[in-house]
Amino acid sequence: MTADGRLIVDGHSSPFPSPSKAAEAVTGNVINGWTLWHTPDGSTLDQLRQKLDTE
């Protein structure tokens, strides 16, 4: 992830503006990146976002 919130994906030259755009580039399908991507502890990005919103 870049300082401005874009996602860097191995094999792609430019960062993506959203988790869903990055997920689409990887899978070739329109997909919800907030639920596809996981942190090292197994949480989805959506779960992490919800946790940060409540703090």
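The values are calculated or read from the model by the stated rules, or taken from the named source; none is laboratory data. Computed from a predicted structure; not experimentally measured. A quick note on method: Cβ atoms are made from the backbone with ideal geometry, for glycine too, and the neighbour counts reach across all protein chains shown. For accessibility, only protein heavy atoms count, side chains too; no ligands or nucleic acids. Shrake-Rupley method; radii C 1.70, N 1.55, O 1.52, S 1.80 Å.
Averaged per residue, what accessible area in Å² does the chain show with a 1.4 Å probe, protein chains only? Don't skip to the end; give the middle numbers.
Values: 4040 Å² over 55 residues.
The answer is 73 Å² per residue.
Would you work out which of Val30, Ile8, Gly42 lies farthest towards the positive end of the dipole of the chain, given +1 charges on the beta-carbon of Lys and Arg and -1 on that of Asp and Glu, about the Cα centre?
Val30
All other residues with a Cβ under 12 Å from the Cβ of Leu48 taken together, and with Lys, Arg as +1 and Asp, Glu as -1, what is their net charge? Spell out each step's value before the answer.
Values: positive: Arg49, Lys51; negative: Asp41, Asp46, Asp53, Glu55.
So the environment of Leu48 carries a net charge of -2.
Report, in debye and to the nearest 20, how large the dipole of the chain comes out about its Cα centre when Lys and Arg carry +1 and Asp and Glu carry -1 on their Cβ.
Values: 4 positive and 7 negative charges, 22 e Å.
Taking the Cα centre of the chain as origin, the dipole is about 100 debye.
Under the rule of at least 5 residues apart or a separate chain, name every residue whose amide H is placed under 5 Å from the amide H of Trp37.
Placed amide hydrogens put Leu45 under 5 Å from Trp37.
Give the carbon-plus-sulfur fraction of the accessible surface of the chain in %, rounded to a whole number; probe 1.4 Å, heavy atoms of protein chains only.
Of the solvent-accessible surface of the chain, carbon and sulfur hold 53 percent.
[x] 4, 20, 26, 28, 15, 5, 2; [y] 4, 19, 25, 22, 15, 8, 4, 2, 0; [z] 4, 22, 32, 24, 13, 4, 0: which one is P(r) over Cα pairs in 5 Å bins from 0, in percent as calculated from this entry?
Derived directly from the coordinates: [x].
For a quick protection proxy, order the peptides 42-53, 20-31 by their average other-Cβ count within 10 Å, most packed first.
Packing order, densest peptide first, comes out as 20-31, 42-53.
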